[in-house]
Amino acid sequence: MPSSFLGLGIAYSGLTANQRSLQVTSHNISNANTEGYSRQRMDTHAYSPDVLPGGLGTLGNGVEVEAVKQIRDEFLDYKYRGENAKFGEWDARSSVLKEVEAIINEPSDSSISEVLDDYFEALHELNKNPENLTTRTLVRQRAIAVTKQVNQMSEKLKELQSDLNFEFNSAVNDLNNKAEQIVELNKVIYETELEGGTANDIRDQRNVLLDEMSELADIDYYEDDNNRFHIALDGTKMVSHFNSTKLELTPRAKKLNEDDAVDLTEVQWETGQSYTPTSGKLKGLFEARDNIEGDAKGIPYYIDRINNFIDTFAEESNRIHSEGFGIDSDKTTGLFMYTINDMTTDDYKDYLRDHGLNNETGQDGNGEAGIDVTSQVLNGTSTLTGDDLQEKIIANKSKIINNNPQYQGKTIKKVDDDYLVVDKMKASQISIARDLEDLDLIAASTTKDGVPGNGENALALTQIRNNQQLYEWGSPEDYIKSLISNLGVDGQEALRVMENQEVLVDELHTKRLSIQGVSLDEEMTNMIKYQKAYSASARMINVMDEMLDLIVNRLGVGGR
Amino acid sequence: MRVTNQMMSRNLLRNLNRNMQDMQDYQDQLSTGKKVQDPSDGPVAVTKIVKYKSDIRALEQYDKNAKDALSFTETSELAIADITDALDRARELAVQGANGTNSEEETKAIAKEIKQLKNHIIGEANKTFAGKYIFSGFHTDEKLLNDDGTYNFDVTNVDTDQTPQTTYEVGVGEDIKVSTNGLDLFGLVEKDTETKQILENMSVGKAKGNDLEHSYAKLSDIDTSNYTGNFSVDVGGTTFDQNHDAEYSTKSELISHLETIEDGSGNQLSESANVYFNTENELIIESKNDGEEVENITHDGLLASGSVNYQTEQTATNAKVGPDFDEKVLTDTMIQNSNEEIKFKFSYNGVEKEVALDLSQFGAGDNLSDAFTENGTSPTNSLQEKIDNAFSGVTDYATGDIIVNVENDGTNDSLSFSGKPESGEPSTLDVKVIKGNKSQLMQDLDDFITALESNDQDGMGKFISDADKHLDNLNSERSIIGAKTNRMELILSRIEDDNINVTQLLSNAQDVDMSEAIMNLKNRENVYRAALSTGAKTIQPSLIDFLR
């Protein structure tokens, strides 16, 4: 015979279980739009039943609340984060290349190739009318336009490099910050879970932080057997339970590439251990800022290519110009067309002789003296003079440079009759030779007797335009074409990979939402379900109450 | 698959965004009229566009050049046609004058008309095109002929040897010489036979002395494995052989080892010599100072099999012009028979002086050396002395810095000039000889006028043949111009064709097909609208709307 009050207990357990389930449903609905929230569910099971004697089976004792669980697929999290790192990397690369494209600005009506076309046109007019001051003015103005154009391109690229450095620094700080926050959450989660159960909502917060970190860098994470949470970055533990190791930013002592922007930073672990990003936004930014070659070419590559372009262009123009004669012919022989930092030809020659090597600023007082290759550095030059010597030196230019590792990236310039190993002309520093402020000194004539009517030197200058031997990529136009084609192919690839990654990441995220997201219809259904069950349990209590009332108040009162 | 509310809103947003992006792309295309905006939109298309645009700019310039060339040659042609007409008239008058039946009045009247014709020809000779004198060669800012028919500038050997012609470029590597040289049209009255020979037989031109070079030693086939570290070298008479205890296994170690070898008084080798490897991997020890010899190297096993090779380069040399013995023949007789003045222009290290030598002062018994080199001897002034006088007072010029040499190779005498090095620096010397300044055509006209005025029948008759010669010459110049004009017209039409082709190509590569782009934009717009309307339907309702 069961106890009279047992029915009340069963109904009560139903009341509380359904009430709690309603609470969980309500919590789910409230957090339906919370970022990173995973839906929760109340797990229940039937109370252990009483066994009825005599093989009558068991009699249920109501419901027992087991745990509030969250529904989340950790494998999807893992996949999402792996792909997210790649997305971060290519997203950064793609947006940098977009900006480089804007700086190179091809095709447009104000691009470098247009400016060069203008310049060559002016030279053609000078060839036809060398005695005319108007054509001389035009040549000077157009030459200035060429120098300003490359100055600006180079400056803007360096600005972009500085901006990238800032962005890189912010990303590193962000990563440190998030690691720190995770340590704090680790403490709360660990302490909460000591008593058993799971700290669902706080774990969600940690997962959001992990998602965010995964875009920045390639992270590995795991929870050990003792519920301690760890994050490793490139094999080094960044977060270990209650501790975190930070990445440290230090100013770079020596420029990585010759013509980098100033004040770039280096990243390493605070323990002194080195760190190179292997994936994520950090890697994208790092490579875009530092790479001068390789698959992922960065800003330094484009700065270097533009320097290389303008150096050869200026050197060839100077060679031709210095062989010509201006109207005031005695003074003109040997004048350059382009120098750096507004120098006169003589100042620039002195500069090359005394400070031309390893000079970052282009100022006197820095750098080392240019190294003379006139003498016996190159076998057999001693018997040659003039054009023969020049031919020999030009033919062996790369041999001379490559035989001496310290001359890598340098060039050989003709200064009067000497050939000097010096720095390449930098696009940020190039200017027209100040001598040419006197328009009469523009050397349009090939002979001293030819002034003013001889314009053949101007014609020789225009022929740079079609000189297929000028660059390893051909003529100036070919060079620009190759540069923008490289840029275009890289930009296109970055954009394509980025978009693919985005689709992949979105797809995975959708899958995650499919599992962990709150469905309002479902919650509504549950709400009704739990509400009805709650009402029914209450009704059971009523029934029990009536039964007890019957037993207590009305039973055994017959005949009274 | 379970579908949640967040999923739906995210997907909707993403798809809307994607549609917007597509619409933006087409909008960009339509608003700029271009298929590609950035290199990454289509690297191949963009490089093509850049190339075509540049090609068009070049073609436009070539078109302009060809048109200018055409105008230039047309102007020249008109002028020459005018000169031909005038000369035809002069010839007619000569025929008329030479028939022997004219009175003095009549020949004088003819002379008057010839003077007018001469002035007319001078006017045409000084014709300008866009402010330039077209027949003046490179002297475009000076008229060709003076009013008396002489050339406005001295005609030097440079003007006659290299015909100055303005060149325009009308295609890649395709040049056209547009100008006609006045000298070719009007000729030059030449000196007497002997003077002419002297002028032709002299070597004149430009020269530059050689650079200073230093003494050096070359050590080939370096191998440090058997080298004991004992090294000794003399530089400028000082022996460097002390203090050899540095490392020397690599190239740079070997260099620093050798650089730090000292002489007896603690001076290092690096102060007196440069030590380096050349591109053939030979070790070079080169003295730093002029005239210091590098010699007496002992190296104690440093070379595997090679040798030490001592060389000394020349110091600065004279800048020398001429001679070429094979062709240049000068004789004393030429000096003795010549009766004219020869003018030279000397430009020594950039300073130019004109020197005139009157050959008529030399006569029987004088020889080449008297005229050119001997100072202060008979009769008074030689060329050498005149040069020294002309240059006296020029900074850095000492008497005899420009040297006039008369040399004999056994059979022939020849004349050449050299400039001494200027304080160790190489000198430059440029010698020009002035060939005259009187036009042959003008001279013939002047002779004709004189003949008319003195009623000299032979003189008048001579002009007929002179005029025929000049007319032939003018006609051949005109035919050259005619050929150029034809070529220009061909080139112009070719440029036009090219321009049309390249413009077409550019348009294909760059321009948007408007109707296609608009159609695509409309398509996207429809998709976008559909997405919006379905979104509005699916996002809105939920079970809540249906619960009481």
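Computed from Cα atoms, the angle from the helix A:386-395 axis to the main principal axis of chain A rounds to 20 degrees. The alpha carbon convex hull volume per residue for the protein assembly as shown rounds to 263 Å³.
For the residues of A:516-523, the average number of beta carbons from a partner chain within 10 Å of their own beta carbon is 6.
Which value at 222 nm does chain A reach when only helices count, each DSSP H run of 4 or more adding -39,500 (n - 2.57), with the total divided by all residues and rounded to the nearest 500 deg cm²/dmol? Show your work: numbers first, answer last.
Details: 14 runs with 296 residues, N = 560.
It comes out at -18500 deg cm²/dmol, rounded to the nearest 500.
Taken as Cα centroids, region B:485-537 and region A:43-104 sit 52 Å apart, rounded to the nearest whole angstrom.
Would you mind counting up the charge near residue B:467? Only other residues with Cβ under 13 Å from its Cβ, with Lys and Arg at +1 and Asp and Glu at -1.
Details: positive: B:89, B:91, B:118, B:462, B:469; negative: B:85, B:88, B:92, B:444, B:447, B:466, B:468, B:472.
Counting the neighbours of residue B:467, the net charge comes to -3.
Using only side-chain charges placed at the Cβ, +1 for Lys and Arg and -1 for Asp and Glu, the dipole size of region B:48-165 relative to its Cα centre rounds to 720 debye.
Normalised by the empirical 2.2 N^0.38 Å for globular proteins, what value does the Cα Rg of region B:96-196 take?
My calculation over the Cα atoms of region B:96-196 gives 1.44.
Report note on the peptides B:255-266, A:225-236, B:116-127: ranked by the mean count of other C-beta atoms within 10 Å, highest first, their order is B:116-127, B:255-266, A:225-236.
Add +1 for every Lys or Arg and -1 for every Asp or Glu among the other residues with Cβ under 10 Å from the Cβ of residue B:159, and state the total.
Details: positive: B:432, B:435; negative: A:449, B:154, B:161.
Summing Lys/Arg as +1 and Asp/Glu as -1 gives -1.
What does the charge count around residue B:88 come to, taking other residues whose C-beta lies under 11 Å from its C-beta (Lys +1, Arg +1, Asp -1, Glu -1)?
Net charge in that neighbourhood comes out at -2.
Measuring r between the beta carbons of residue B:249 and residue A:252 and using R0 = 41 Å, the FRET efficiency lands at 0.75. Full extension of the chain between residue A:418 and residue A:64 gives 117.7 nm of extra length, using 0.36 nm per residue less the Cα-Cα distance. The convex hull built on the alpha-carbon positions of chain A has an orientation-averaged projected area of 39.0 nm².
Rounded to the nearest 10 degrees, the angle from helix A:520-549 to the longest Cα principal axis of chain A is 20 degrees.
Relative to the dominant Cα principal axis of chain A, helix A:476-516 is inclined by about 0°.
Quick check for you: which residues of region B:170-186 have the amide N under 18 Å from the point 7 Å beyond the Cα of residue B:153 toward its beta carbon? Only B:178-186 fall inside the zone, counting backbone N under 18 Å. Computed packing ranks the peptides A:42-48, A:135-141 as A:135-141, A:42-48, most packed first, by mean other Cβ atoms within 10 Å. Gain on full extension, evaluated as 0.36 nm per residue between residue B:503 and residue B:25 minus their Cα-Cα distance, stands at 169.6 nm.
Here region A:453-521 is described by how far its Cα atoms reach on the three principal axes: 91, 23, 8 Å, from widest to narrowest. In percent, rounded to a whole number, the relative contact order of chain B is 23, using alpha-carbon pairs under 8 Å and six or more apart. In chain B, helices alone account for a calculated mean residue ellipticity at 222 nm of -15500 deg cm²/dmol, with every DSSP H run of four or more residues adding -39,500 (n - 2.57).
Region A:464-540 and region A:142-183 have Cα centres separated by 24 Å. For the residues of A:119-130, the average number of beta carbons from a partner chain within 10 Å of their own beta carbon is 4. With a 10 Å cut-off around each Cβ of A:339-349, the average count of Cβ atoms from other chains is 0. Packing-based ranking of B:36-46, A:119-129, A:471-481, B:356-366 yields A:119-129, B:36-46, A:471-481, B:356-366, ordered from highest to lowest mean Cβ neighbour count within 10 Å.
The numbers here are math on the coordinates, done by the rules we state, and not lab data. These figures come from a predicted structure and were not determined experimentally. So basically every Cβ, Gly included, is an ideal-geometry build from the backbone, and we count neighbours across all protein chains shown.
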